[in-house]
Amino acid sequence: MKLVVWLIFIVLVVLAIRKKAKPLTASTPDEVRTAQQESVAENMVSCAHCHIYLPASEAVHCGGNVYCSAAHADAH
Ligand SMILES: [Zn+2]
């Protein structure tokens with residue numbers, strides 16, 4: 001009788017560990033992936049006019065150069 005109680009206890013512990021471990025292993029690669037995507041999105045470029053650094057997504061491209069704003073693109 002004691003053996004059956006121990007078996008049930010062990011099965012419950014294994015199930016509890018699996019439930020806790022699953023979200024951790026599932027979220028870790030996603031966090032790494034989103035961090036890599038953010039680092040790609042946050043690629044910094046320098047303004048050709050004032051040399052300020054800004055994210056590439058916010059940069060203004062004009063004549064092969066990168067500018068921080070349309071005003072600096074017009075200034076060149
Ligand atoms: Zn600028």
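The numbers here are math on the coordinates, done by the rules we state, and not lab data. Because the structure is predicted, anything quoted here is derived from the model rather than measured. Heads up, the Cβs are rebuilt from the backbone with ideal geometry, glycines too, and the neighbour counts pull from every protein chain shown.
Note the full-extension length gain between A21 and E42 as 0.36 nm times their separation in residues minus their Cα-Cα distance, in nm to one decimal. Walk me through the intermediate numbers first.
Working: separation 21, 0.36 × 21 = 7.56 nm, distance 3.15 nm.
Result for the pair: 4.4 nm of gain on full extension.
Among 42-55, 4-17, 60-73, sorting by the average number of other beta carbon atoms lying within 10 angstrom of each residue, highest first, gives 60-73, 42-55, 4-17. Spin-label model, V5 to C62: label points 7 Å out along the Cα-to-beta-carbon direction sit 8.1 nm apart.
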